[in-house]
Amino acid sequence: MKAWLVGLGLLPLLLAGCGQASSNGATNSTVQYDAALVSQGRTLFSTTCYVCHGKNGQGNTGPALWGPNSSVQGFSQFSDLEQFIQANMPQNNPGSLSPTQALAAASFLWKQNHRHGS
Ligand code: HEC
């Protein structure tokens with residue numbers, strides 16, 4: 001009976017622990033997988049980025065952007081990815097993307113990498 005009570009006592013702690021973790025995620029989260037942005041990013045990728053990054057993101061002259069060797073996993077924050085793309089990509093014409101295009105490309109890539117939040 002006593003052990004049972006202790007077990008019950010731990011339950012709120014466990015729940016609080018989970019709540020903590022997810023609220024941290026939510027605090028960092030700046031990304032909603034906005035369907036329109038993801039779709040715009042997909043189109044941009046298949047017209048502008050695929051030449052160097054492969055039709056399926058597997059890499060070509062540029063590194064893989066999703067899949068097993070995805071270099072996008074190296075970006076810890078969504079905003080880092082977005083800014084990197086805005087400043088450096090496409091590599092043959094850096095700075096040519098509008099902020100919305102860079103955001104769209106990052107949204108698409110974040111989704112392809114199954115990344116959430118931050
Ligand atoms: C002319 C070839 C070329 C095109 C076009 C191009 N890239 Fe790249 N990309 C590269 C190369 C080469 C690298 C690796 C060198 C570097 O990081 O600058 C790279 C790196 C990247 C990285 C970082 C990978 C990492 O972790 O180092 C991202 C993200 C990326 N490209 C996204 C894009 C997007 C989005 C587009 C389309 C808007 C695009 N690229 C178009 C050649 C290209």
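The values are calculated or read from the model by the stated rules, or taken from the named source; none is laboratory data. Small disclaimer: the values here were computed from a predicted structure and weren't measured. Virtual Cβ from ideal backbone geometry, glycine too; neighbours counted across all protein chains shown.
Here are some notes:
- Taken residue by residue, segment 88-97 has at least one member that is free of Cβ contacts under 8 Å to residues at least 40 places away in the same chain, at positive phi and in a loop (DSSP other than H, G, I, E, B).
- The residues of segment 49-61 that are under 19 Å from the mean Cα position of the chain (by Cα) and within 6 Å of the ligand (Cβ to nearest atom), listed by number, are Cys49, His53.
- On inspection, Pro94 passes the criterion of being at pLDDT 95 or above and within 11 Å of the ligand (Cβ to nearest atom).
- Looking at Leu81, Leu65, just one residue is in contact (Cβ under 8 Å) with a residue 40 or more places away in the chain and of a type outside the set (S, T, N, Q), and that residue is Leu65.
- Of the residues making up segment 59-87, those that are closer than 19 Å to Asp34 by Cα, in a helix (DSSP H, G or I) and out of contact with any helix residue (DSSP H, G or I) (no Cβ under 7 Å at 6 or more places or on another chain) are Ser79, Asp80, Gln83.
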